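K.L.:
Below are the structure tokens for one structure; questions will follow.
The values are calculated or read from the model by the stated rules, or taken from the named source; none is laboratory data. These numbers were taken from a predicted model, which means no experiment stands behind them. Here Cβ is always computed from backbone atoms with ideal geometry, including for glycine, and neighbour counts include all displayed protein chains. Surface areas here come from the heavy atoms of the whole protein model, side chains and all, with no ligands, DNA or RNA. Shrake-Rupley method; radii C 1.70, N 1.55, O 1.52, S 1.80 Å.
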Amino acid sequence: MVAPPEQRSADFLKVALLAHVRQDFSAPVNAIVGYAEILIEDAPRYGLERFTADLGKMYQAGLGLQHLIDEREHSF
């Protein structure tokens, strides 16, 4: 059975909106992951080892967000 045109239009809009939101989130999340990685690597050089645990949490959280974004991308 084929969905009515109104339903197909609503489905298309939903997919388009989610793609747009996903794209809007990808760049900031990638920046968080990248900067956290750099800071983790540079912390010992500047004697800031005390921050590596928190930076590691930020890095892991960013990876988790990346995973969620990628997961949602492939579910539609």
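K.L.:
If residue 26 passes every condition in (1) open to solvent by 80 Å² or more (accessible area, probe 1.4 Å); (2) of a type in the set (S, T, N, Q); (3) modelled with pLDDT of 90 or more but one, which one does it miss?
P.N.:
Failing condition for residue 26: (1).
K.L.:
Same structure again: Of everything in the stretch 33-75, what is out of contact with any Lys or Arg (no Cβ under 7 Å at 6 or more places or on another chain) and within 27 Å of residue 14 (Cα to Cα)? Give them in sequence order.
P.N.:
Taking the stretch 33-75 and keeping what is out of contact with any Lys or Arg (no Cβ under 7 Å at 6 or more places or on another chain), we get 33-68, 70-71, 74-75.
Matches in the stretch 33-75: 61, 62, 63, 64, 65, 66, 67, 68, 70, 71, 74, 75.
K.L.:
So which residues in the stretch 36-52 are open to solvent by less than 80 Å² (accessible area, probe 1.4 Å) and over 21 Å from the mean Cα position of the chain (by Cα), if there are any at all?
P.N.:
Residues satisfying the conditions are 42, 43, 44, 47, 48, 52.
K.L.:
Here's a follow-up. Select, from 33, 21, the only residue that is open to solvent by 50 Å² or more (accessible area, probe 1.4 Å) and assigned to a helix (DSSP H, G or I).
P.N.:
On the way: 33 fails: open to solvent by 50 Å² or more (accessible area, probe 1.4 Å).
Being open to solvent by 50 Å² or more (accessible area, probe 1.4 Å) and assigned to a helix (DSSP H, G or I) holds for just one of 33, 21, which is 21.
K.L.:
Looking at (1) under 24 Å from residue 70 (Cβ atoms); (2) free of Cβ contacts under 8 Å to residues at least 12 places away in the same chain; (3) of a type in the set (Phe, Trp, Tyr), which is the one condition that is false for residue 25?
P.N.:
Failed condition: (2).
K.L.:
Return yes or no: is residue 17 free of Cβ contacts under 8 Å to residues at least 12 places away in the same chain, at negative phi and within 19 Å of the chain's Cα centre (by Cα)? Step through it out loud before you land on a result.
P.N.:
On the way: free of Cβ contacts under 8 Å to residues at least 12 places away in the same chain: yes; at negative phi: yes; within 19 Å of the chain's Cα centre (by Cα): yes.
Yes: the conditions hold for residue 17.
K.L.:
Anything in the stretch 53-69 that is surrounded by 12 or more Cβ atoms within 10 Å (Cβ to Cβ), at pLDDT 95 or above and among the aliphatic types (A, V, I, L, M)? List them, or say none.
P.N.:
Once the filter is applied, which keeps residues that are surrounded by 12 or more Cβ atoms within 10 Å (Cβ to Cβ), at pLDDT 95 or above and among the aliphatic types (A, V, I, L, M), the stretch 53-69 yields 55, 58, 61, 63.
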